[in-house]
Every structure is written in C-alpha cells, then in structure tokens.
Amino acid sequence: MRRLFPPFEYPAAPTAPGRREPPSADRPWTLEEIADAYAYPAATAGEAGRPWLRGNMVASLDGAAHHGGRSQPLSSDADMRIFGVLRALADAVVVGAETVRREGYRPARRREAFAARREAAGQGPAPAIAVVSASLDLDFSLPLFTEPLVPTLVLTGAAAPAG
C-alpha cells in the first residue's frame, strides 16, 4: 500500500531524534500508520472546529459498486484495513438504507487501537451510524438499532411516513 498523492510528510517521532521512516511498500502498514496517513489536516488559526467530510468507496473497473448485492467482494484486505481505520476515526458513518438491508449493517464498536486518538480529538467511544432512508423501510429490531454503543441516527425527508 503506497500513498502517491498528495505526498505525506512523516513528522519526527516525539521520543526519537531524526525523522520517522515512512511506511514501507513491502509490508502491511500498521493501523497507526494508516491513521497518520489519512489524518485530517492540522487546523490553522481561525479553523478550529472546522468540519471535514471524508468519502471512501470501492468500485470495479466497470464502475460497479457491488457484486451479488454486496460491496465486500470488491474489496481487498488493504481496502478493508483503510475502511476500518477511516470508520473508527469518524464522528459518524453515513450509510444508505439499502446497504443496511442487504449487508446486515451493524453498529460501530469501540476499538481499543483508536481509543486514545478518539479521546484526544474529543470524540466518543465509537462513531454514530447515520442511515439515510427515504421510505424508512428498515427493520428496527436489528442490532444496528437495538444494540449500538452510540445511538444510530436515521436521516429522512419530509415525504417519509409520519408514523
């Protein structure tokens, strides 16, 4: 896994002199290295609290976003590691209702590997899952709604059934 653009500057390690070595292309990156590579830009004066939106998806060469109704078959181990890190560090993960229905989407969990990073950023123990649904045709007995560490959000429009 190699980041080509934009180039990433590896900061000096706080406890060692000199610069930290960049992650190597000949071994899997650690979760910490992935988190550093995909970190939000440092806030400058006047930008404190500025919101950021990050998108991540996988697609086949012909543009398909799923195979057999699921996105996972299109993903490699490296894709899943990056997805897991991005998801673990997010405030909220936005997911469509059809993905919830087809993939049995589960609530986000607390990941020990990111607990200190989330706490330092003022975040809770796990991201909220935000489900976007026009029809609200969802099974509210699923663990996504009944067992979340952080309450699941449901986003809909004015045309959704009032009940």
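As a summary of the residue check, R118 satisfies the conditions (1) open to solvent by 50 Å² or more (accessible area, probe 1.4 Å); (2) touching a residue at least 24 places away in the same chain (Cβ under 8 Å); (3) under 16 Å from Y38 (Cβ atoms); (4) not acidic (D, E) except for the one numbered (1). With respect to L155, is the statement that it is of a type in the set (A, V, I, L, M, F, W, C) and over 21 Å from L86 (Cβ atoms) true? In short, no.
Of the residues that sit in the range 68-114 and are touching a helix residue (DSSP H, G or I) at 6+ places or on another chain (Cβ under 6 Å) and small (G, A, S), which one is surrounded by the most Cβ atoms within 10 Å (Cβ to Cβ)? By that ranking, first place goes to A88.
In the range 144-156, the residues that are among the charged types (D, E, K, R) reach residues that are open to solvent by 70 Å² or more (accessible area, probe 1.4 Å) and part of a loop (DSSP other than H, G, I, E, B) with C-beta atoms within less than 9 angstrom, at least six apart or across chains, in these pairs: E147/R106.
The values are calculated or read from the model by the stated rules, or taken from the named source; none is laboratory data. Since the model is a prediction, treat every value here as computed from it, not as a measurement. Positions of Cβ are generated from backbone atoms using ideal geometry, with glycine treated the same way; all protein chains shown enter the neighbour counts. In case anyone asks, the SASA skips ligands and DNA or RNA and just uses the protein heavy atoms, side chains included. Shrake-Rupley method; radii C 1.70, N 1.55, O 1.52, S 1.80 Å.
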